[in-house]
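**Q** Okay, here's the structure, questions in a sec.
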Amino acid sequence: MSRAGLLSLQILVGVVLLLIWHVGATIPIFGYTLLPKFFFSTPIDVASRVVQMFAGGKIWGHLYVTLLETVLAFAIGALGGIAIGFWFARKPLAAAVFDPYLKMVNALPRVVLAPIFMLWLGLGIWSKVALGVTLVFFIVFFNVYQGVKEVSPVVLANARMMGMNERQLFRHVYWPSALSWMFSSLHTSVGFALVGAVVGEYLGASAGLGYLIHQAEGVFDTTGVFAGMVVLAGFVLVVDWVVTLVENRLLHWRPQSAAAQA
Amino acid sequence: MATVIPLKPAQGPTASAVRLTDIAIEFRIKGRPPYKAVAPTSLAVADGEFVAIVGPTGCGKSTLLNAVAGLLKPAAGKVEVYGQALAGLNAEAGYLFQQDAVMPWKTALDNVAIALEIKGVGREDALGAARDWLGRVGLGRFLDRYPHQLSGGQRKRVGLAQVLIRQPKILLMDEPFGPLDAQTRQIMGSLLLDLWAGDRKAVLFVTHDLEEAIALSDRVLIMSAGPEARIIGDHRIDLARPRDAADIRTHPRFHDIHKAIWGQLRAEVIKTYGEEA
Ligand SMILES: Nc1ncnc2c1ncn2[C@@H]1O[C@H](COP(=O)(O)OP(=O)(O)O)[C@@H](O)[C@H]1O
Ligand SMILES: [Mg+2]
């Protein structure tokens with residue numbers, strides 16, 4: 001399928017969905033409105049609200065806060081995951097000792113931690129960052145751990161025969177392998193950083209996209225809720241696109257997957 | 001006639017590049033008695049000598065090479081390198097592995113240059129030498145390719161350049177041309193002989209292809225089927241050098257030698273299949 005063909009199909013699906021939404025919300029069928037405005041708003045109202053948000057300019061501050069929280073959560077979580085991942089992969093005893101605790105914390109639904117973080121860190125950005133970190137850390141940690149463990153034994157033996165010392169092995173073998181695993185989960189971990197930020201804002205904050213949506217919900221402003229979600233979705237798309245760029249830049253040594261080539 | 005020297009190699013006056021004396025190698029497998037892959041066996045490779053090891057698949061050829069490389073510690077026996085007992089990895093040896101062993105995240109050029117860089121050679125000098133070596137193995141046009149963008153034979157040649165650039169005194173090669181088609185194998189064989197003629201390293205060359213072994217080497221060792229595999233034959237190949245690895249196969253002398261060795265090898269191959277059937 002050509003690029004243009006695919007794009008037109010994608011647009012078609014969007015248009016049809018919007019049309020169903022619009023018709024359902026505005027045109028009564030047998031005197032009955034399928035999607036009452038109060039609960040579903042209308043696409044035109046939502047669109048004009050989004051335009052208003054950007055025209056008024058107050059959305060930028062919220063976007064900035066959410067972006068900052070996401071980036072910080074990702075950076076801190078990734079650094080922690082890399083450090084601990086390497087440590088455990090090279091020191092099996094440490095991994096064995098901490099294993100049950102890590103499993104325990106990872107099994108915990110992170111939302112329940114949000115109030116605790118707010119208690120500790122206040123309503124500012126750091127409680128949201130902390131929530132994101134608990135999500136990002138585990139993904140990066142597991143991938144780095146795996147990446148170090150799964151280094152091809154032949155590549156490793158070859159590097160050792162070449163005369164690499166431990167430091168050189170780290171730099172030229174373990175590190176690239178771990179990074180490739182970490183980057184293969186980049187979309188997921190960045191996504192989770194964003195989830196942490198937005199959920200945190202939703203539960204208690206004074207700025208950010210999650211806060212905007214929560215506020216609108218508080219006054220039954222359905223249009224505001226949908227507008228917030230649209231902005232959030234657009235934001236996610238942009239972040240995801242940037243991640244793809246970074247990924248292509250850093251993983252260009254890897255074969256394209258069959259799906260990507262098709 | 002190819003002379004058959006039974007079992008223990010003759011003790012030369014000079015120290016051999018590699019000497020294995022009565023080494024045995026076992027693998028521990030959980031819940032089972034250890035698998036005795038290699039029974040006490042001995043071999044020696046003189047400096048500058050090209051020795052091939054031929055044996056049925058799974059007999060322990062790679063295992064033996066790993067012991068010479070220092071990657072595996074034998075359960076018994078001695079490994080000596082230029083007269084010194086081997087401790088840890090064999091620093092004199094370059095090892096071309098049976099499987100792909102180049103780093104997938106480095107280009108062909110970087111894969112070869114790194115072998116010098118880790119020894120402290122400057123980046124520019126290392127790159128220059130790497131370009132030179134890749135040119136010699138016929139990859140001058142593929143410097144910037146990543147391993148996954150190269151064919152199996154090209155990857156092997158990157159591996160070869162990566163090993164040779166360090167100028168090791170001993171070259172260990174484990175079925176280096178294994179996955180290649182017959183024609184490419186012969187071309188690679190000729191290339192290897194040309195490179196080897198330059199500085200005559202001691203070579204231990206593992207292959208399952210008897211013709212290839214005869215075409216390339218000074219001596220062909222036959223390994224028996226496992227378990228408890230041993231070197232059971234030692235045939236001197238008196239074909240004149242320099243040789244062309246492809247043309248030599250049509251030489252009448254080649255056929256005589258081949259016939260003499262094949263009888264012995266065939267018995268071992270049949271044993272292997274008999275056990276697995
Ligand atoms: N790590 C291992 N653990 C147990 N058995 C092994 C291991 N490596 C090799 N073997 C066994 O040792 C024998 C020799 O293997 P190998 O040296 O790879 O054979 P080849 O002659 O084909 O190179 C085989 O029977 C194989 O199954
Ligand atoms: Mg093998």
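The values are calculated or read from the model by the stated rules, or taken from the named source; none is laboratory data. None of these values were measured; they are calculated from a predicted model. Cβ coordinates were reconstructed from backbone atoms using ideal geometry, including for glycine residues, and neighbour counts include every protein chain displayed. Each accessible area value is taken on the protein alone, full model and side chains, heavy atoms only, with ligands, DNA and RNA left out. Shrake-Rupley method; radii C 1.70, N 1.55, O 1.52, S 1.80 Å.
**Q** From the residues in segment B:40-86 that are among the charged types (D, E, K, R) and more than 14 Å from the chain's Cα centre (by Cα), which one is most open to solvent (accessible area, probe 1.4 Å)?
**A** Taking the candidates together, the pick is B:LYS73.
**Q** Answer with yes or no whether B:GLY198 is under 28 Å from B:VAL79 (Cβ atoms) and free of Cβ contacts under 8 Å to residues at least 12 places away in the same chain.
**A** Here the answer is yes, as B:GLY198 does meet what is asked.
**Q** Then there's this: So B:ASP100 fits all but one of (1) within 16 Å of ligand 1 (Cβ to nearest atom); (2) among the charged types (D, E, K, R); (3) more than 14 Å from chain A (Cβ to nearest Cβ); what number is the exception?
**A** Result: B:ASP100 fails condition (3) only.
**Q** Further question: If you take the residues in segment B:87-110 that are among the aliphatic types (A, V, I, L, M) and open to solvent by 50 Å² or more (accessible area, probe 1.4 Å), which one is nearest to ligand 2 (Cβ to nearest atom)?
**A** Among residues in segment B:87-110 that are among the aliphatic types (A, V, I, L, M) and open to solvent by 50 Å² or more (accessible area, probe 1.4 Å), the one nearest to ligand 2 (Cβ to nearest atom) is B:LEU89.
**Q** Could you tell me which of the residues A:GLY14, A:GLY24, A:GLY61 is in the same structural domain as A:PHE141 (by TED's automatic domain parsing) and either farther than 23 Å from A:GLY224 by Cβ or not aromatic (Phe, Trp, Tyr) (or both)?
**A** Answer to the check: A:GLY61.
**Q** Within the set of pairs 6 or more residues apart or between chains, which connect a residue that is closer than 21 Å to B:ASP244 by Cβ inside segment B:171-187 to a residue that is within 14 Å of ligand 1 (Cβ to nearest atom) with Cβ atoms less than 7 Å apart?
**A** Sorted first by the residue in segment B:171-187, then by its partner, the pairs are B:MET173/B:LEU96; B:MET173/B:PHE205; B:MET173/B:VAL206; B:PRO176/B:LEU96.
**Q** Within segment A:74-114, take every residue that is without any contact (Cβ under 8 Å) to a residue 24 or more places away in the chain and among the small types (Gly, Ala, Ser) and give me the one that is surrounded by the fewest Cβ atoms within 10 Å (Cβ to Cβ).
**A** A:ALA107
**Q** Out of segment B:169-186, which residues are modelled with pLDDT of 85 or more and surrounded by fewer than 20 Cβ atoms within 10 Å (Cβ to Cβ)?
**A** Residue satisfying the conditions is B:LYS169 alone.
**Q** Can you tell me which condition B:GLY226 does not meet? The list is (1) open to solvent by less than 30 Å² (accessible area, probe 1.4 Å); (2) more than 16 Å from ligand 1 (Cβ to nearest atom), and all the others hold.
**A** Going through (1) open to solvent by less than 30 Å² (accessible area, probe 1.4 Å); (2) more than 16 Å from ligand 1 (Cβ to nearest atom) one by one, B:GLY226 breaks only (2).
**Q** Considering segment B:58-113 alone, what residues qualify as being touching a Gly at 6+ places or on another chain (Cβ under 6 Å) and farther than 30 Å from B:TYR273 by Cβ?
**A** Result: B:GLY70, B:LEU86, B:GLY88, B:LEU89, B:ASN90, B:VAL102.
Yes or no, residue by residue, for (1) touching a strand residue (DSSP E or B) at 6+ places or on another chain (Cβ under 7 Å); (2) farther than 29 Å from B:ILE53 by Cα:
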position	(1), (2)
B:GLY128	no, yes
B:TRP133	no, no
B:GLY140	no, yes
B:ARG166	yes, no
B:LYS169	yes, no
B:THR184	no, no
B:LEU193	no, no
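**Q** Report every pair of residues separated by at least 6 positions or lying on different chains whose Cβ atoms are under 7 Å apart, first residue within segment B:38-67 and farther than 13 Å from B:GLU228 by Cα and free of Cβ contacts under 8 Å to residues at least 40 places away in the same chain, second more than 8 Å from ligand 1 (Cβ to nearest atom) and not charged (D, E, K, R).
**A** Cβ pairs passing all conditions: B:ALA44/B:PRO9; B:ALA44/B:SER16; B:ALA44/B:VAL18; B:ASN66/B:LEU72.
**Q** If we only count strands (runs of 3 or more DSSP E) wholly inside segment B:45-125, which ones have 1 or more residues that are among the charged types (D, E, K, R) and assigned by TED's automatic domain parsing to the domain that holds B:PHE177?
**A** B:76-81
**Q** Sticking with this one: Quick one: how many residues across segment A:150-173 are open to solvent by 20 Å² or more (accessible area, probe 1.4 Å), assigned to a helix (DSSP H, G or I), more than 7 Å from every other protein chain (Cβ to nearest Cβ) and not charged (D, E, K, R)?
**A** 3
**Q** Then there's this: When you scan segment A:176-183, do you find a residue that is over 30 Å from A:LEU67 (Cα atoms), within 12 Å of chain B (Cβ to nearest Cβ) and either part of a loop (DSSP other than H, G, I, E, B) or not hydrophobic (A, V, I, L, M, F, W, C) (or both), even just one?
**A** no
**Q** Out of all the residues in segment B:52-86, which are within 16 Å of ligand 2 (Cβ to nearest atom), touching a Leu at 6+ places or on another chain (Cβ under 7 Å) and over 28 Å from B:PRO147 (Cβ atoms)?
**A** B:VAL54
**Q** Under the condition of being near ligand 1 (Cβ under 9 Å from one of its atoms) and part of a loop (DSSP other than H, G, I, E, B), which residue from segment B:24-33 is most open to solvent (accessible area, probe 1.4 Å)?
**A** Among residues in segment B:24-33 that are near ligand 1 (Cβ under 9 Å from one of its atoms) and part of a loop (DSSP other than H, G, I, E, B), the one most open to solvent (accessible area, probe 1.4 Å) is B:ARG28.
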